[in-house]
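Asker: Sharing a structure with you now.
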Amino acid sequence: MRRIALLPVAGLMAGCNDTRDLAPGSSDHAWRPVNRAGLSLPPDIRNPARSDIAGPIVPGSIREGKILPEETRQPVGLAELIDFAQRNNPETRIAWQRARQAAIGVGIARAALLPQLTLSVMGGFQRMALPLPNYLSSRGYLTSNGAAVFPKLELEYLLFDFGRTKAHIDEAQFQTLAANFGFTAVHQQLILDVISAYRAYQAAQAIASAAQKAVENMALLLRAAEARRAHGEATVTDVATAQRNLAQARFDLDKAKDGEHAARHALLEVAGLPATLSLRIAPMNAARLPRAGKDEIRQLVDRALASRPDLMADIARLRAQDAAVAGSRAALRPKISFAGTAQGYLGALKSYGTGRSAPASAIAQPEAGVFMQMSWPIYQGGLRSNAIHMAESRRDAARATLLKDRLQVERQVADSQDALETALVQVKSARVLNEAAIIANEGAAQAYRHGVGTITDASSAAAALFEAQASLAVSISQAFTRAASLAHATGQLDLGANTTQEGGENLP
């Protein structure tokens, strides 16, 4: 009956712990909190503080704080933007923390080689009852009240484990090396992103300038058409055509300005700066274009295989998995360790019920022990063998990943080389096109003003000039971007600031 009575109580207690109401009530509409969730951006994220700390960003020396160049009056160039990005972009901080975590993992693995000391203390009070014969105790039982404290110091020291701990340390060290190379890869990718965004912004500025010039040219043609119309030399259609072309040019100008703003915002974002920041950006020097290297594609690929930080990270991960396999196999063998204990018994015991009152018995004595311990897993239901299979599978996956990335690097180098050569050829063609468009526009405009040309020819020439100027700006931007992409594909982008002494291992 008692158990039956407890069932409703247990059901009520289980109902009090029903937390299904914490999830959305249904799947047909979005979830909104009933009360304020209490979540808000931290102050340092909502309003990043300005920092004047200088110095390169490398593993182990990255600075906290955010660089916000609000007070600078000088135009900011590409080098400064890259510096801002390396300091401000969260990607570098995430990669740096991953590298730090991997480095901490080495210390955790090495801790197994050092003596392990554990201090524990247990104390308390206990009341005990013991039945006794009536001739010993009139009430038939003995009671005792005891209080004691048990301090204990334990020592354990690993002596020999057939290389299992060393394998774990090697695995952690290679994982650290992989994380460091990954940190470098993030920086190189960030530099490429800044260069690409910077060149895209410069191209957008050039397109907006060309669109503004197109508006001016179309306005001149409209005034010429209206003047000729006033003298009876042009028709209403000519004026309407000029008005239409001017409206189209203004529409293109608004579109170009919107593209310029979007490119600026993208550049500030990749630099880790607010999109609303008022910052003057220095124009690029397009007088000297990048040149395609004279190296053969095979030499570029070999350079990439020796320098790419992502490949070096793959190699380090493969070595880490080799160490993990060795550690899993060593776990099948015995482990010999030294153990020692030193403890004390500090307490007192008072007994009642014997018919005679006796003082409390007190004790304060040390205890100690020294042991040699061997543990050998004989049978664990296939746990160790499956652990070996798992480690071998991960090693094979790491090798396959390395092969995949190696093939991808070769394709990236070949594509980047071809893209750079194509971009340089396009720049030459765009320059010829631009020069011809300038001459054609001037000739068509002069011809129409002097009455020997048509408004259609003049408008087409002005529109062609805008297209030619936009194509030239885009082709120049692409040439610089393709050159940076080739440097990134070969692992040479900002190599001087990202070279590590651990590099240089050959591909297996």
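Each value in this text was obtained by applying a stated rule to the coordinates, not by laboratory testing. Just so it is clear, the model here is predicted, and its values are computed rather than measured. Here the Cβ positions follow ideal geometry from the backbone for every residue, glycine too, while neighbour counts run over all protein chains shown.
Asker: Can you work out the Karplus-derived ³J(HN,Hα) for every residue in region 174-184? Use 6.51 cos²θ - 1.76 cosθ + 1.60 with θ = phi - 60°, whole Hz, and x for glycine or proline.
Answerer: Values, residue by residue: 5, 5, 5, 4, 5, 5, 5, 5, x, 4, 5 Hz.
Asker: Between Leu136 and Ser375, what is the label-to-label distance in nm when each label sits 7 Å out along the Cα-to-Cβ direction?
Answerer: 4.2
Asker: Can you give the FRET efficiency for Ser460 and Asp258, using 1/(1 + (r/R0)^6), R0 = 30 Å, r = Cβ-Cβ distance, to the nearest 0.05?
Answerer: Calculated value: 0.75.
Asker: Residues with beta-carbon under 9 Å from that of Gln321, excluding Gln321: net charge, scoring Lys, Arg +1 and Asp, Glu -1?
Answerer: Spelling it out: positives minus negatives among the neighbours equals +1.
Asker: Full-extension gain between Ala282 and Ala368, please, as 0.36 nm times their residue separation minus the C-alpha to C-alpha distance.
Answerer: This chain segment gains 23.4 nm when fully extended.
Asker: Now for a different question. Sorting Trp96, Trp376 on the 10 Å Cβ count, fewest up front, what's the list?
Answerer: Ordered from fewest to most neighbouring Cβ atoms within 10 Å, Trp96, Trp376 come out as Trp376, Trp96.
Asker: Neighbour counts of other C-beta atoms within 10 Å: give me His29, His389, His488 arranged from fewest to most.
Answerer: With the sparsest Cβ surroundings first, the list reads His29, His389, His488.
Asker: Based on other C-beta atoms within 10 Å, arrange Thr401, Thr92 from fewest to most.
Answerer: Ordered by Cβ neighbours within 10 Å, fewest first: Thr401, Thr92.
Asker: For Arg449, what charge total do you get from the other residues with a beta carbon under 10 Å from its beta carbon, if Lys and Arg give +1 and Asp and Glu give -1?
Answerer: Once positives and negatives cancel, what remains is +2.
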